[in-house]
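Report on one structure; see the data block that follows.
The values are calculated or read from the model by the stated rules, or taken from the named source; none is laboratory data. Being a predicted model, the structure only gives us computed values, none of them experimental. FYI the Cβ positions are ideal-geometry reconstructions off the backbone, even for glycines, and counts take in every protein chain you see. Calculation scope for accessible area: heavy atoms of the full protein, side chains included, ligands and nucleic acids excluded. Shrake-Rupley method; radii C 1.70, N 1.55, O 1.52, S 1.80 Å.
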Amino acid sequence: MKHLLIPPIFALFLCFTASAQFRTESSMQLSGMDEKTVLSIRPIGRKGLLMLLRDKKEKSCKLLSFSTGLQKEAELPIHVDGSWKNLGLFANEDSTSFTFLFVGKSSWFIKTFDTQKRTLTEETYKMLDKDFVVRELVRFKDKMVISGLLHWRPRMLVLDLRSGIQDILKLPNMKNKGNVVSMTTDSGNKRLAIFFRKTRSKKRGEMNLVFMDADGKLSSPFFLEKDSRYVIIDGSVTWIDEGSFVLAGTYGLSRFSNHAAGFFFSRWENYVQQSLQHYSFSRFEDHLDYLPEDHRKIVDVERQHPNVENFVQNTVVFHPVYAIDSGYRLICEVYYRKEEYVTTQTKNLKGEIEEKTEKVFVGYEYTDALVLDLDEKGNRIGGYCFPIHLERRPRKVSAKLWALKSRSGELQIIYAYPNGLMIHEIKDHQIRTKRIEELQEEIAIPDRITNNAGLIYWYGNSYLFFGNQMSTEYEEGLFRDYEWVTGRFYFVKKVTYTQEAFQ
């Protein structure tokens with residue numbers, strides 16, 4: 001298959017520092033967090049905020065519901081027999097109810113929260129097989145569809161929330177070492193697309209696509225015809241209309257590695273594959289400037305070889321495909337595992353000081369984002385790249401960027417850093433960057449130590465800033481100084497800024 005030979009479009013950067021600042025609209029805090037843990041915090045748009053709080057001493061759980069002004073509207077106990085193997089919360093944010101899944105030793109516990117009545121209903125279902133291990137779950141109509149493992153073999157479990165009937169399915173062609181890559185519902189919630197690899201191997205012909213209807217029945221498998229030179233790493237379906245969709249994600253060069261070498265884009269009509277294109281990361285020239293030094297040295301050697309098109313490979317987080325006026329936008333975040341040498345001193349049996357130097361994992365370093373714009377047929381319009389400065393190294397890999405439409409209708413790509421927000425907008429083949437600063441000054445709390453703080457989008461121009469805090473006392477001693485923790489808190493603040501269009 002031929003690759004598109006459209007010359008790359010180099011993006012120009014325009015940088016703005018916004019005059020608008022963050023403003024705290026409301027705040028709340030939970031005290032006594034020595035014996036409590038916030039299991040999850042979930043904004044549900046203009047319906048408010050849900051929080052799952054677990055009491056470690058009582059081994060109980062509560063569901064807290066807050067208004068958009070962070071006023072507590074409901075505090076509902078959740079009872080679960082046995083220990084918890086897994087905890088999930090899922091629903092469409094436009095829904096009037098949210099469903100929680102608790103997995104006990106031998107039962108499913110389904111808790112549904114009504115956002116209008118602020119009530120909680122509970123249903124318990126005996127597990128069809130208690131050895132089923134949950135990996136991923138999605139709400140589809142009145143069913144819960146769960147991908148997981150049964151006796152270490154990949155299976156799908158479908159739980160009808162109305163009747164309680166359960167069914168364990170084996171996906172067509174799925175072997176014992178296969179895995180589900182993604183599950184995506186269409187806008188009308190009529191079909192569920194399941195994209196999966198039928199074996200652990202990444203050889204040609206291992207990617208399949210099936211569809212589940214509202215009755216829980218699976219279609220015949222559709223095979224992703226692909227270029228034999230590449231292997232598919234991940235991907236998801238974006239629906240266009242009945243029977244038409246795009247399947248896009250990332251591809252790699254080796255079946256023994258999860259390093260991506262570029263994007264792939266496949267267009268389908270009437271469930272028939274029409275095209276498949278690949279777009280190498282090597283064509284994003286600015287991207288090379290953000291690579292770690294040792295990685296850049298390898299790339300510099302590889303790119304000298306003749307007829308080598310894919311000389312850049314990365315570990316990435318791929319986003320769902322975004323629809324824009326000109327077609328589609330593909331986004332991925334590039335990261336790498338960061339390790340550093342640490343020297344420690346210890347005493348041996350003779351009382352002598354010995355030094356030991358070892359390489360330790362210190363987190364994941366996010367370097368930059370790659371953005372690819374395509375027309376409706378998959379032809380490349382432009383490729384763009386901008387840096388990601390989180391100023392911290394998270395211990396877990398997850399998407400750090402949000403894509404939101406501004407008041408002018410443009411798709412803005414946003415991420416948070418300790419002092420504010422970075423906002424990127426692509427227009428007329430230019431990347432325009434706006435910086436919203438002074439977040440820390442607005443959310444700082446005197447005489448408190450803040451850690452594990454996070455910032456997530458809520459609704460409109462509102463964000464949630466939350467995290468753990470400690471209050472301490474300090475005393476000077478004769479031989480040493482003393483400092484101890486006097487209280488632990490969990491805080492939540494609603495902060496806003498004016499999401500203005502770029503000038």
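When you filter the chymotrypsin sites (Phe, Trp or Tyr not before Pro) in segment 337-429 for DSSP loop state and at most 15 other Cβ atoms inside 10 Å of their Cβ, nothing is left. Each Lys or Arg adds one and each Asp or Glu subtracts one; over the other residues with Cβ under 13 Å from the Cβ of I240, this totals -2. Within segment 312-366, the trypsin sites (Lys or Arg not before Pro) that combine a DSSP coil assignment with at most 10 other C-beta atoms in a 10 angstrom radius are K350.
The peptide list 207-218, 164-175, put in order of mean Cβ contacts within 10 Å with the highest first, becomes 207-218, 164-175. Per-residue packing, averaged as other Cβ atoms within 10 Å, sorts the ranges 177-183, 390-396 into the order 177-183, 390-396, beginning with the highest. Other residues within the sphere of radius under 10 Å centred on the Cβ of V334, judged by their own Cβ, net out at -3 (K and R +1, D and E -1). One chain, two ends: K175 and E242. Fully extended at 0.36 nm per residue, the span grows by 21.1 nm beyond their Cα-Cα distance. Does segment 137-191 come out rounded, prolate or oblate, given a ≥ b ≥ c as the square roots of the eigenvalues of its C-alpha gyration tensor, rounded meaning a/c under 1.5 and, failing that, prolate meaning a/b above b/c? Because a/c hits 1.5 or more and a/b fails to exceed b/c, segment 137-191 counts as oblate. A straight chain from K56 to R337 at 0.36 nm per residue would run longer than the Cα-Cα distance by 97.9 nm. Pairs K59/K105; K297/K400; K141/K217: which are spaced more than 18 Å apart, C-alpha to C-alpha? Among K59/K105; K297/K400; K141/K217, the Cα-Cα distance tops 18 Å for K297/K400.
Per atom type, segment 262-348 shows carbon and sulfur on 45% of its accessible surface, probed at 1.4 Å. Residue ranges 462-469, 297-304 sort as 462-469, 297-304 when ordered by packing (mean number of other C-beta atoms within 10 Å per residue, highest first). For V210, the shell of other residues with beta-carbons less than 12 Å away shows a net charge of +3, using +1 for Lys and Arg and -1 for Asp and Glu. When every Cα-Cα distance of segment 109-150 is counted in 5 angstrom steps from zero, the calculated P(r) takes the values 6, 17, 20, 28, 15, 8, 5, 1 percent. For segment 212-255, the equivalent ellipsoid built from the Cα gyration tensor has semi-axes of 25, 13, 10 Å, listed from largest to smallest.
Legend: residues T124, T238, sorted from most to least accessible area (1.4 Å probe; ligands, DNA and RNA excluded), read T124, T238. Ellipsoid semi-axes for segment 308-433, based on the Cα gyration tensor and the rule √(5λ), read 42, 17, 10 Å when sorted largest first. Extent of segment 351-414 along its three principal axes (Cα atoms, max minus min coordinate, largest first): 71, 28, 16 Å. Let a ≥ b ≥ c be the square roots of the eigenvalues of the Cα gyration tensor of segment 214-334; is it rounded (a/c under 1.5), or, if not, prolate (a/b larger than b/c) or oblate? It is prolate, given that a/c is not under 1.5 and a/b is the larger ratio.
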